[in-house]
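The values are calculated or read from the model by the stated rules, or taken from the named source; none is laboratory data. Predicted model only: the values in this text are computed from it and were never measured. No Cβ is skipped: glycine too gets one built from the backbone with ideal geometry, and neighbour counts run over all protein chains shown. We work out accessible area using only protein heavy atoms, side chains counted, and drop any ligands, DNA or RNA first. Shrake-Rupley method; radii C 1.70, N 1.55, O 1.52, S 1.80 Å.
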Amino acid sequence: ASQVACWEGLMSGTFSVFRERGIVTAFEVADSLIFNFDAIEGGRGCVAPDSLVRIGGEAAYQGPDGFYMFNGHTSRPIGNSRFDEFFYVRIDQSQVHRTLGIADESRKLVLWAYPSIDGGGLRDEIMLLNWETGEAALVRNLPIQAWAKVLRVGFTIDQLRDLGSTID
């Protein structure tokens, strides 16, 4: 099986590598070019490299069974079970690795575009998740170019629901 390596980035002498089946964190040893590598999580990792979104000192990512927020030490689920279940029913299973994520930190939103079962391989649906409240929305048939407008103009979850449909 392939291993996905997603670099979360260098922060204060540490960085994390998100693999398909685990997360490894490297810690700098005493102001040198030597790092210790520790397997932080095994069995669950990032299944779509472009789903990884940095949010402050944390990273949101798509795991094999849902969405998570990683704080450098542990991951916690951020998609309520309905969000995760709905996503994995809607995504084209042969295209899971093509999920693309963007964060809107001011609104506490992560947007994930993905190829749906009806999309013919195109990223034709966008799921939005407020990582604080757990509120979610689905936007269908919104061209990927419209993301810039959504992020620039600003929409609430309720306004985005009006563009598409809800998970409820």
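Extension gain THR133-ARG21, at 0.36 nm per residue separation less the Cα-Cα distance, in nm?
37.5 nm
Accessible area per residue, 1.4 Å probe, Å², for the range 24-109: what's the number?
Heavy-atom accessible area per residue stands at 49 Å².
Leaving ligands, DNA and RNA out of it, report the carbon-plus-sulfur percent of the accessible area of the range 31-110 at a 1.4 Å probe.
The value for the range 31-110 is 52 percent carbon and sulfur by accessible area.
Which FRET efficiency, nearest 0.05, do ASP31 and VAL89 yield, Cβ-Cβ r, R0 45 Å?
The calculated FRET efficiency here is 0.35.
With an 8 Å cut-off on Cα pairs and a minimum separation of 6 or more residues, tell me the relative contact order of the range 20-123 in percent.
In percent, rounded to a whole number, it is 19.
Please list, by residue number, everything in the range 57-96 whose backbone N is under 14 Å from a paramagnetic label point 7 Å out along Cα→Cβ of GLU105.
57-60
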